[in-house]
1. Conditions: (1) surrounded by 12 or more Cβ atoms within 10 Å (Cβ to Cβ); (2) not in a helix (DSSP H, G or I). Ile72 meets all but one. Number of the miss?
2. How about the range 1-53: which of its residues are outside any helix (DSSP H, G or I), touching a helix residue (DSSP H, G or I) at 6+ places or on another chain (Cβ under 6 Å) and open to solvent by less than 60 Å² (accessible area, probe 1.4 Å)?
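The values are calculated or read from the model by the stated rules, or taken from the named source; none is laboratory data. Given the structure is predicted, the values throughout are model-derived calculations rather than measurements. Glycine gets a Cβ as well: all are built from the backbone with ideal geometry, and neighbour counts include every protein chain shown. To get the accessible areas, we keep the full protein, side chains included, count just its heavy atoms, and leave off ligands, DNA and RNA. Shrake-Rupley method; radii C 1.70, N 1.55, O 1.52, S 1.80 Å.
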Amino acid sequence: HSQLGNICKEGFGDYDKALEHYLISIEIFCQHISSIDRRLRNIYLSIAHILLLHGDQHHQLSIEYFLRILQIDQKSKKINEKY
């Protein structure tokens, strides 16, 4: 679904359909991995970008996805500092 989201976003410019696929992808991933797993970073970034493109009413939600990205980055930094 994340690849379908990329195709809808980049190939067709269909942000609503892309968002739908990204959210399904997150739902599937989060059944098996943590919501702050590094593998979700790019999907969160794509969702935040689409939400920003949708206008002012979605800015707070996009900020929440950016905060998830920061959590992932902080987690990765802590892991790298151990080694």
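1. Among (1) surrounded by 12 or more Cβ atoms within 10 Å (Cβ to Cβ); (2) not in a helix (DSSP H, G or I), the lone unmet condition for Ile72 is (2).
2. Ile36, the sole residue that qualifies.
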